[in-house]
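The values are calculated or read from the model by the stated rules, or taken from the named source; none is laboratory data. Note that the coordinates shown come from a computational prediction; the quantities given were computed from them, not determined experimentally. When we count neighbours, we look across all protein chains shown, and the Cβ atoms used for this are built from the backbone with ideal geometry, even at glycine.
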Amino acid sequence: MNDKRKPPKISVVIPCHNAEGTIERVLHAVLTQRVACHEVIVVDNNSQSDDTTRAKVEALNDSRVHYLAPEQCANGNVARNIGSQEATGDYIAYCDSDDIWDEDHIARRVELLKQLPEECAIYSGAKIQNNEKVKTDASRAIASDESPVEFLIGSNKALAQTSSYLVAKPVWERCKWDEKLKRHQDYEFFIAVQRYVGWTYLDTPTYTIFWHGNEVRNHSFESYWQFYLRYKQELSESGRARYLFTRWKEALLFEDGDTYKHYFRAELASVSSCLPFSKRVLFSFPLLLTLLWPIARNYA
């Protein structure tokens with residue numbers, strides 16, 4: 001791939017959907033890395049016609065930055081695959097359009113690459129800013145005999161989010177992003193890569209995720225359900241209980257209709273004894289959960 005004596009070429013792929021409010025600070029963080037990126041590929045994902053992201057990207061007038069606006073782009077994973085296909089670097093680093101890298105984000109990964117085979121993949125934890133509060137989730141290393149599914153959503157789950165990923169381009173070519181999923185895309189990619197070459201854990205969080213506690217996220221209960229059915233056999237009962245409670249709770253509160261709240265409830269009933277007492281109470285009395293949502297939302 002590349003001569004280890006020379007700095008590797010790092011391509012950065014950023015999918016964006018109506019990102020006009022965040023793209024400038026994201027690109028500033030990417031373009032001012034202590035170790036420079038080879039190129040930055042921004043891929044539009046069905047932004048509204050009046051979105052000004054493209055204009056803000058092009059106003060940078062930086063030859064390293066390329067803006068792609070494909071006519072067909074069903075979701076963020078399609079955008080990531082398009083950007084990865086276009087990448088000319090040895091490695092691909094992914095960044096979401098509302099996350100901010102520290103200035104040594106790439107440098108720390110390049111240093112770690114010196115110890116790794118050419119086909120490799122790196123992830124880390126993150127700093128999480130939720131409104132005015134900031135916490136650090138350092139994550140942990142995945143054990144060699146640990147199911148990546150249990151690692152991601154089980155009872156001892158750990159963080160492995162997209163903006164921490166750096167993979168050799170041949171690894172992406174073998175483990176492309178699943179374009180059918182609207183949710184859990186990063187989980188599916190992490191699982192595929194772990195089974196192909198395995199992930200290397202970087203123990204220093206070098207980027208910030210911005211959460212807004214009062215915002216209701218866009219859910220795809222069909223994606224949650226299909227992901228669960230695909231991997232439920234790899235979860236312990238306590239892992240299934242943790243995951244199913246979260247999905248049932250969200251379906252109860254936010255689903256238009258009753259289909260998936262019934263699916264998740266039926267599955268959860270068989271392992272509800274593994275839930276902590278407080279969650280068993282909420283599961284037994286769902287009306288209580290809906291009435292106390294401002295408090296109950298803190299249960300993961």
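So the values come out like this:
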| item | result |
| --- | --- |
| Positions within region 205-241 being within 24 Å of residue 127 (Cα to Cα), out of contact with any strand residue (DSSP E or B) (no Cβ under 6 Å at 6 or more places or on another chain) and at pLDDT below 95, in sequence order | 212, 214, 215, 216, 217, 218, 219 |
| Qualifying strands (runs of 3 or more DSSP E) (wholly inside region 22-94; at least 3 residues being within 21 Å of the chain's Cα centre (by Cα)) | 39-44, 91-94 |
| Options 139, 147; residue that is touching an Asp or Glu at 6+ places or on another chain (Cβ under 9 Å) and on the phi > 0 side of the Ramachandran plot | 139 |
| Segments classed as helices (runs of 4 or more DSSP H), wholly inside region 225-293, with at least 2 members that are crowded, with 17+ Cβ neighbours inside 10 Å | 237-254, 259-269, 277-284 |
| Any hit, region 37-54, residues being buried (at least 22 other Cβ atoms within 10 Å of the Cβ), hydroxyl-bearing (Ser, Thr, Tyr), at pLDDT below 95 and farther than 22 Å from residue 8 by Cβ | yes |
| Residue satisfying all of: in region 159-170; buried (at least 24 other Cβ atoms within 10 Å of the Cβ) and of a type in the set (A, V, I, L, M, F, W, C); farthest from residue 9 (Cα to Cα) among these | 160 |
| Residue 185 of a type outside the set (A, V, I, L, M, F, W, C), modelled with pLDDT of 95 or more and crowded, with 20+ Cβ neighbours inside 10 Å | no |
| Matching entry among 106, 10 (being within 20 Å of the chain's Cα centre (by Cα), at pLDDT 95 or above and within 24 Å of residue 211 (Cα to Cα)) | 106 |
| Within region 128-146, considering residues that are under 18 Å from the mean Cα position of the chain (by Cα) and at pLDDT below 95, the one nearest to residue 201 (Cα to Cα) | 138 |
| Answer residue from region 18-27, given it is under 13 Å from residue 99 (Cβ atoms) and of a type outside the set (A, V, I, L, M) and is surrounded by the most Cβ atoms within 10 Å (Cβ to Cβ) among those | 22 |
| Selection status of residue 118, without any contact (Cβ under 8 Å) to a residue 40 or more places away in the chain and part of a loop (DSSP other than H, G, I, E, B) | no |
| Test: residue in region 121-136 that is exposed (fewer than 15 other Cβ atoms within 10 Å of the Cβ), outside the structural domain of residue 276 (by TED's automatic domain parsing), free of Cβ contacts under 8 Å to residues at least 60 places away in the same chain and in a loop (DSSP other than H, G, I, E, B) | yes |
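Quick grid of which residues meet (1) among the charged types (D, E, K, R); (2) touching a Gly at 6+ places or on another chain (Cβ under 8 Å):
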| position | (1), (2) |
| --- | --- |
| 98 | yes, no |
| 108 | yes, no |
| 117 | no, no |
| 122 | no, no |
| 150 | yes, yes |
| 165 | no, no |
| 169 | yes, yes |
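Per-residue answers, yes or no, for (1) in the same structural domain as residue 227 (by TED's automatic domain parsing); (2) modelled with pLDDT of 95 or more; (3) over 28 Å from the mean Cα position of the chain (by Cα):
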{"position": "258", "(1), (2), (3)": "yes, no, no"}
{"position": "262", "(1), (2), (3)": "yes, yes, no"}
{"position": "268", "(1), (2), (3)": "yes, yes, no"}
{"position": "273", "(1), (2), (3)": "yes, yes, yes"}
{"position": "282", "(1), (2), (3)": "yes, no, yes"}
{"position": "287", "(1), (2), (3)": "yes, no, yes"}
{"position": "291", "(1), (2), (3)": "yes, no, yes"}
